[in-house]
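For reference, the structure discussed in these notes is given below.
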Amino acid sequence: MSEGPNGASPRLAIVDGLRGYALIGLFLVHMLEYFELYWSDPTPNPVTTAVFTLFMGKTFSLLALCFGFSFFVMMDGAARRGQPFAGRFAWRLTLLAGIGLLHGLVYRGDIIVVLALAGFVLIPFDKVRSNRALLAVAGLCFLQPYILLWIAAGAAGAPWALNKPHFFSDPAMAVYLSGDLGQVLRANLWEGQVNKWWFFIETGRCVQVLGLFLIGLVLGRIGFFADLGRFARGRAVALAAVILFAAVCYVLKARTGGHHSGPVFWANMLFGGWFDLSCMAASVLVFILLWRAGGEAVLRALVPVGRMTLTLYVAQSLVFIPLFYPLGLGLYAKITPALALTAGLIAVAAQLLLASAWFKAFRYGPLEWLWRCGTRRSLDIPFRRRPEPQPV
């Protein structure tokens with residue numbers, strides 16, 4: 001496998017492992033959410049609290065970070081070959097957005113289309129050669145200027161800033177709780193998507209995604225994942241810093257909880273977002289620490305899952321929405337959070353085994369292969385692995 005000037009290779013196992021971990025964490029959140037239906041009547045208990053605290057907002061952020069890194073790998077590889085790639089990457093994003101739109105008809109919480117559309121904003125930043133400038137823009141995104149505006153306006157008594165956020169109104173939920181397949185598909189075509197986009201906008205996740213994309217791009221440029229020994233001391237300092245920051249944000253988030261509108265509510269959203277980001281950063285640093293400290297043999301089990309996240313992410317919805325929703329078995333009203341977590345862990349084990357077996361026979365996941373073919377506008381891309389030649 002060829003390497004670039006900074007040691008980055010087209011496929012780094014540790015990044016695939018991180019992506020696999022992110023997908024599994026996100027899936028467990030979805031299981032405890034009953035793929036959205038939990039929010040019709042949220043009743044926290046120790047199981048939901050533990051899973052949401054560990055993974056909610058963190059694993060989604062990690063997927064966005066990995067997306068930015070993958071952008072670097074593709075753009076850097078094309079540049080070294082002397083081939084412009086911005087246009088092809090835009091087409092690649094268009095195809096991904098199409099997949100996300102189709103998936104969103106089944107599961108309104110789809111994040112594929114969010115990552116794809118935000119990816120278009122990322123393309124011009126490849127021309128910015130200053131990593132400091134990219135980090136400055138990312139920092140501005142993480143400051144959440146939209147939320148800061150709501151806090152300031154609310155503190156000044158602006159009536160619009162004292163209203164409840166739009167995503168609190170969710171007419172699609174009533175359809176999910178009683179509708180048949182056709183009604184759910186129609187709700188997901190508009191009402192469900194409107195609610196989702198209000199959530200991503202008002203919680204600041206849209207600008208947060210762009211910031212994470214830029215961080216992933218910078219990490220690719222400096223060879224952060226390619227040369228793990230190079231940044232050992234810096235990672236140790238960063239881990240201590242983000243843990244301390246996470247603790248502060250957790251306390252502030254707890255003290256501002258319980259409000260549904262106004263400046264205190266938005267301050268709670270701000271502290272919660274910062275808590276999620278710092279926990280995500282800590283998870284990356286701990287993952288690298290464990291990988292280097294002898295845990296690579298175990299953590300490599302996540303690599304095949306990380307190589308087919310698109311396929312597995314879509315498949316999770318296709319399997320569990322008919323199980324949880326009233327359009328199918330309606331288990332959301334019959335299953336406890338503990339049973340949902342148990343089922344999720346069993347499904348995680350099945351996905352680990354499936355992905356491992358899959359890549360013994362195939363080069364790509366099914367959707368990953370179709371996406372690649374669509375990007376190149378050719379079906380002449382090897383899908384099956386050729387059998388190893390036997391010694392004579």
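The values are calculated or read from the model by the stated rules, or taken from the named source; none is laboratory data. In this text the structure is predicted, and so the values were computed from the model without any measurement. Note that we place each Cβ from the backbone using ideal geometry, even for glycine, and neighbour counts take in every protein chain shown. Surface areas here come from the heavy atoms of the whole protein model, side chains and all, with no ligands, DNA or RNA. Shrake-Rupley method; radii C 1.70, N 1.55, O 1.52, S 1.80 Å.
Is there any pair linking a residue in segment 143-159 that is more than 15 Å from V209 (Cα to Cα) to one that is of a type outside the set (V, I, T) and open to solvent by 80 Å² or more (accessible area, probe 1.4 Å), with Cβ under 8 Å and at least six apart or on different chains, and which?
A153/W160
Scan segment 181-208 for residues that are farther than 30 Å from F142 by Cβ and either surrounded by fewer than 13 Cβ atoms within 10 Å (Cβ to Cβ) or within 23 Å of the chain's Cα centre (by Cα) (or both) and jot them down.
If the condition is that a residue be farther than 30 Å from F142 by Cβ and either surrounded by fewer than 13 Cβ atoms within 10 Å (Cβ to Cβ) or within 23 Å of the chain's Cα centre (by Cα) (or both), then G182, N188, L189, W190, E191 are the ones that fit.
Counting only residues that are in contact with a helix residue (DSSP H, G or I) (Cβ under 9 Å, 6 or more places away or on another chain), open to solvent by 10 Å² or more (accessible area, probe 1.4 Å) and assigned to a helix (DSSP H, G or I), which one in segment 31-49 is farthest from V305 (Cα to Cα)?
Checked segment 31-49; the qualifying residue farthest from V305 (Cα to Cα) is S40.
Name the residue that is nearest to A156 (Cα to Cα), counting only residues in segment 261-287 that are buried (at least 22 other Cβ atoms within 10 Å of the Cβ) and in contact with a Leu (Cβ under 7 Å, 6 or more places away or on another chain).
M280
So which pairs qualify, if the first residue must be in segment 174-194 and acidic (D, E), the second must be open to solvent by less than 80 Å² (accessible area, probe 1.4 Å) and in a helix (DSSP H, G or I), the Cβ gap must be under 7 Å, and the two must be at least 6 apart or on different chains?
Qualifying pairs under 7 Å: E191/A172.
I'm trying to understand the selection: among the residues of segment 160-173, which are in contact (Cβ under 8 Å) with a residue 60 or more places away in the chain and within 19 Å of K196 (Cα to Cα)?
N163, K164, P165, F168, D170, A172, M173
Give all pairs with beta carbons closer than 8 Å in which a residue from segment 35-62 that is closer than 12 Å to L341 by Cβ meets a residue that is surrounded by 17 or more Cβ atoms within 10 Å (Cβ to Cβ) and of a type in the set (S, T, Y); count only pairs at least 6 apart in sequence or on separate chains.
Short answer, once both residue conditions are applied: T48/Y38.
For segment 363-388, name all the residues that are more than 20 Å from F89 (Cβ to Cβ) and not in a helix (DSSP H, G or I).
R363, L379, D380, P382, F383, R384, R385, R386, P387, E388
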